[in-house]
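For reference, the structure discussed in these notes is given below.
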Amino acid sequence: MNLTALFTGFFNSEKTGGFILIFCTIISILLANSGLQVPYTAFWESDVNGHSITHWINDGLMTIFFLLIGLELEREIYIGELSDFKNALLPIIAAVGGVVVPAGIYLALNYGTTAQAGAGIPMATDIAFAIGVLSLLGKRVSASLKVFLTALAVIDDLLAILVIAVFYSTGISFTYTAIAVGIWIVLLILNRLKVYSIIPYIIGGIVMWYCMLHSGIHATIAGVLLAFAIPFGNGDERSTSYVLQHWLHKPVAFFILPVFALANTAMVFNTGWTDGLFTMEGIGILSGLTIGKPLGIMLFSGIAVITGLCILPADLSWKDMFGAALLAGIGFTMSIFITLLAFDDQSLVEIAKTAIIFASLFAAIAGMAWLHFTLPKEKSIDS
């Protein structure tokens, strides 16, 4: 299987970005628990035009991250792995299983409690972290395994975005929502009229984001909508979508996600901080990501293959699939993002963040160890 240049670029940028995310997370936690604790944590809560710096990062910069995810999803649908229904069906079904089962486990433990809203937390996979860990195995990783994990994570994030739009949007303003939708329709019309200049789309996207910010629907959804309005054409290197996606890779991997990690992992570990891991909320997140994710992915994939709905690619084994399923339990970025939407109670937020970090660490180590011992010792691929 040959990998396109853009997919390779995406994979490589996410790979490096994953390492940077790990580094930023460690640095942020160390600073938050050092002699610089007060000024460091206060900085992220500093007021800028009525909102904290963290809020602007989560509602502003992360919109650009979602724009990149939308562009990658658009490419996969038009000319990538998701363009062929039979090829697309396996990661789609796997992703659904990886969403339904973890959420079900969490709800089974937290239904009817103040933590119930966190059901979406163990649903998501962090693309950067998952690919970063996978890349440590180098050329032993087959092209099919790379593509499967990437497609699974992209679809997983799309499902998480839909969950955010439906379940984590409150106090809907129909006026602002109507204006945002109207702008999106205008951008789609420009697309149909073959307007390829990026400028009107960027201007329209900013105004749409502003309306989304005041609509009650989470502002980051504007990034995904904008992605599907930007002209794709035939997807070659001259297409508007390709150029923008290529340009966004490095800013997202090397700036936006690291800044998100720094801002959202400034966690102070006081005495007894591990107690939260043994609450129903903590156990729900831990079990959802480390057990529910691989169980859901393997169960749904197995049923799909046994019933003939899908087939495994020639160079992708069930052992490979299980390794990818373990890595899908790395929820970090999207899980923390959903945590901030789900809870207003800071104690619940801190418990969730701690559980996410521990679960993601376990998933990374387990997935890495499994693939290290099961993948062929030497495998030459065109990457």
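For region 191-303, place one equal point scatterer on every Cα, skip the solvent, and apply the Debye formula. What is log10 of I(q)/I(0) at q = 0.15, 0.19, 0.24 Å⁻¹?
Treating every Cα as an identical point scatterer, log10 I(q)/I(0) equals -0.97, -1.07, -1.22.
Return a whole-number percent for the relative contact order of the chain, with Cα pairs under 8 Å and 6 or more residues apart as the contact set.
31 percent
What does the extension gain come out to for ILE199 and THR374, with contour length at 0.36 nm per residue minus their alpha carbon separation?
Full extension from ILE199 to THR374 adds 58.1 nm.
Within the chain, what whole-number % of the accessible surface is contributed by carbon and sulfur, with the 1.4 Å probe and all protein chains included in the calculation?
Roughly 70 percent, rounded to a whole number.
Under the rule of at least 5 residues apart or a separate chain, name every residue whose amide H is placed under 5 Å from the amide H of SER173.
GLY216, ILE217
Extending each Cα 7 Å along its Cβ direction at ILE27 and VAL259, get the distance between those two points in nm, one decimal.
Here the modelled spin labels are 1.4 nm apart.
With a probe of 1.4 Å, find how much accessible area the chain has per residue, and write the answer as a whole number in Å².
Per residue, the chain has 43 Å² of solvent-accessible surface.
Over region 68-183, what per residue volume does the convex hull of the Cα atoms give, in whole Å³?
Dividing the Cα hull volume of region 68-183 by its residue count gives 139 Å³.
With N set to the residue count of region 243-323, report its C-alpha Rg divided by 2.2 N^0.38 Å to two decimal places. Don't jump to the answer; show the numbers that get you there.
On the way: Rg = 19.5 Å, N = 81, 2.2 N^0.38 = 11.7 Å.
Compared with the compact-globule rule of thumb, region 243-323 sits at 1.67.
Express the C-alpha Rg of region 264-383 as a ratio against the empirical globular expectation 2.2 N^0.38 Å, rounded to two decimals.
Relative to the rule-of-thumb radius for its length, region 264-383 sits at 1.28.
How high is the relative contact order of region 89-196, in percent, with contacts defined as C-alpha pairs under 8 Å that are six or more residues apart?
Relative contact order here is 31 percent.
Stokes-Einstein D for region 204-249 at 37 °C, 0.692 mPa s, Kirkwood Rh over Cα pairs, in µm²/s?
287 µm²/s
Distances over 23 Å make up what percent of all Cα-Cα pairs in region 12-120? Write out the running numbers ahead of the final one.
On the way: 3523 of 5886 pairs.
The proportion of pairs with Cα distances above 23 Å equals 60 percent.
Averaging the inverse of every distinct alpha carbon separation and then flipping it gives the Kirkwood radius. What is it for region 142-190, in angstrom units?
Details: mean 1/r = 0.0741 Å⁻¹.
Evaluated over region 142-190, this radius sits at 13.5 Å.
Can you give the direction-averaged projected area of the convex hull of the alpha-carbon atoms in the chain, in nm²? Write out the running numbers ahead of the final one.
On the way: hull surface 75.8 nm².
If you wrap the Cα atoms of the chain in a convex hull and average its projections, you get 19.0 nm².
Strictly greater than 21 Å: what percent of every Cα pair in region 153-247 meets that?
36 percent
Suppose we look only past 17 Å in the calculated P(r) of region 60-101. What percent of the Cα-Cα pairs does that tail hold?
For region 60-101, the share of Cα pairs beyond 17 Å comes to 45 percent.
For region 111-169, what number results from the quotient of the Cα radius of gyration and 2.2 N^0.38 Å? Kindly include the intermediate steps, with their values, before the conclusion.
Numbers: Rg = 15.0 Å, N = 59, 2.2 N^0.38 = 10.4 Å.
Normalised Cα radius of gyration, region 111-169: 1.45.
Using a 10 angstrom Cβ neighbour count of at most 16 plus a DSSP loop assignment to flag exposed GluC sites (Glu not before Pro), which longest range of the chain is free of such sites?
Values: sites that count: GLU45, GLU237, GLU378.
It runs 46-236.
Report the label-to-label distance for PHE43 and HIS55 in nanometres (one decimal), using points 7 Å from each Cα along the Cα→Cβ vector.
With each label placed 7 Å out from Cα toward Cβ, I get 2.1 nm.
Return the equivalent ellipsoid semi-axes of region 335-376 as a descending list in whole Å, where each equals the square root of 5 times an eigenvalue of the C-alpha gyration tensor.
Values: eigenvalues 191, 16, 3 Å².
Its equivalent ellipsoid spans semi-axes of 31, 9, 4 Å.
The values are calculated or read from the model by the stated rules, or taken from the named source; none is laboratory data. Note that the coordinates shown come from a computational prediction; the quantities given were computed from them, not determined experimentally. Backbone-built Cβ (ideal geometry, glycine too); neighbour counts: all protein chains shown. Just so you know, the surface numbers come from the protein's heavy atoms only, side chains and all, with ligands and any DNA or RNA stripped out. Shrake-Rupley method; radii C 1.70, N 1.55, O 1.52, S 1.80 Å.
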